[in-house]
1. Give the residue, chosen from Val85, Val147, Val68, that is β-branched (Val, Ile, Thr) and part of a strand (DSSP E or B).
2. Going by the structure shown, is Arg66 among the charged types (D, E, K, R) and touching a residue at least 40 places away in the same chain (Cβ under 8 Å)?
3. Out of the residues in region 91-119 that are of a type in the set (Asp, Glu) and either open to solvent by 20 Å² or more (accessible area, probe 1.4 Å) or in a helix (DSSP H, G or I) (or both), which is farthest from Arg129 (Cα to Cα)?
4. What number of residues within region 54-73 satisfy the criterion of being small (Gly, Ala, Ser) and open to solvent by 40 Å² or more (accessible area, probe 1.4 Å)?
5. Glu87 is checked against (1) in contact with a Lys or Arg (Cβ under 8 Å, 6 or more places away or on another chain); (2) on the phi > 0 side of the Ramachandran plot and fails just one. What number does that condition carry?
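The values are calculated or read from the model by the stated rules, or taken from the named source; none is laboratory data. Bear in mind the structure is a predicted one, so any value in this text is a computation, not a measurement. Glycine also receives a Cβ, built like all others from the backbone with ideal geometry; neighbour counts cover every protein chain displayed. Just the protein is used for accessible areas: all its heavy atoms, side chains included, with ligands, DNA and RNA removed. Shrake-Rupley method; radii C 1.70, N 1.55, O 1.52, S 1.80 Å.
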Amino acid sequence: MAKYYFKQLPETERGNDSGRASHDGQGRRAPRLIRQLVELASHRRATVERDARGVALETLVLQHLRAVNDYGTLGYSLHYWRTAVGEEVDFVLYGERGMHAFEVKSSARLRQEDFRGLHRLREDYPAARAYLLYPGTRRWHERGVEVLPLNEALP
């Protein structure tokens, strides 16, 4: 279960620089806890929306991989890969034609940590072809990983 914490608002966000609670315009004091709850709810909503986008995108890629594999009778078995310390790859296709690993990201801004699972998999399976799919527009290679925009990877 995820843990969420209240964050102390900086002095300037409390309604005035004195640290006292602000008034709601009708002479009543607006409790700090309410503002903190609103902030927490906004953060949680953004997290849920981001997670939902990621799950939807992964599901789309999964369905595409299954369709191409089945329609083309390619004979791959479909897996995911995860280490004991939590590094993972979303989809691994393995068969007579080799191993292909796919990581799907929902952000167009990639970070080095987004490549971690694919790089780790390639350490254990150097012959594997690794792909990172993302909603950006640029295509490039990053230490053995082919980075592909989703609109190119999913014709």
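1. Val147
2. The answer is no for Arg66.
3. Glu113
4. 2
5. The failed condition is (2).
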